[in-house]
Amino acid sequence: MKQRFALATPILLLAAVCMGAASLQATTLLRLNLDQLARAADAVARVRCTDTASYTENGNVWTRTQFTLLEALKGSPPAQLTVRLPGGHAGHLIVSIEAVPRFYAGEEGVLFLEQLPAGDYSVTGWALGTFRIRRNERTGEETVTQDSS
């Protein structure tokens, strides 16, 4: 009896892992150049992050980030816009997805944006469509860095 139980345990563990793996999904992002990003985006904007919050919806974790529009470079984004991206930290759940940008209050950037059916936005190509602006405290000079670089 002990021998059967010892054999059954690894088989049950393997079956559980396989069932869990079957529910995993993968996302592949195409590498887009600047022209392709601009064509794919509904809007391109220089923005400042004002707030960020994560939540769960239908068992998935999402992060909703609020931005103030500083300059519209393409399209007509609103003066206050919301970006919704997968992943984040909601309650006891932490979901981290490679290439999904995270933003912090006060930081500035240029975002390539796709409008979602609900009216909020997503970032085109995630890290590819996110450009961080940093200002040198001493000289005031600004530098721009793409998240995927």
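For region 56-98, divide the Cα radius of gyration by the Kirkwood radius and give the resulting Rg/Rh value with two decimals.
1.12
Taking 0.36 nm per residue of sequence separation and subtracting the Cα-Cα distance, how much length would be gained by fully extending the chain between Ile97 and Asp35, in nm to one decimal?
Working it through step by step, the gained length comes to 19.8 nm.
Just the projected area, averaged over all directions, of the convex hull on the alpha carbon atoms of region 88-149: how many nm²?
Quarter of the Cα hull surface area: 5.8 nm².
Which value, to two decimals, describes the C-alpha radius of gyration of region 46-149 once divided by 2.2 N^0.38 Å?
Ratio of Cα Rg to 2.2 N^0.38 Å: 1.09.
Given 0.36 nm per residue, what is the gain on full extension from Arg64 to Ser148 after removing their alpha carbon distance, in nm?
Length gained, Arg64 through Ser148: 28.2 nm.
Take the Cβ-Cβ distance between Arg138 and Glu107 as r, set R0 to 22 Å, and report the resulting FRET efficiency rounded to the nearest 0.05.
The value I calculate is 0.70.
No lab work stands behind these numbers, since they all come straight from the coordinates. These numbers come from a predicted model, not from an experiment. When we count neighbours, we look across all protein chains shown, and the Cβ atoms used for this are built from the backbone with ideal geometry, even at glycine.
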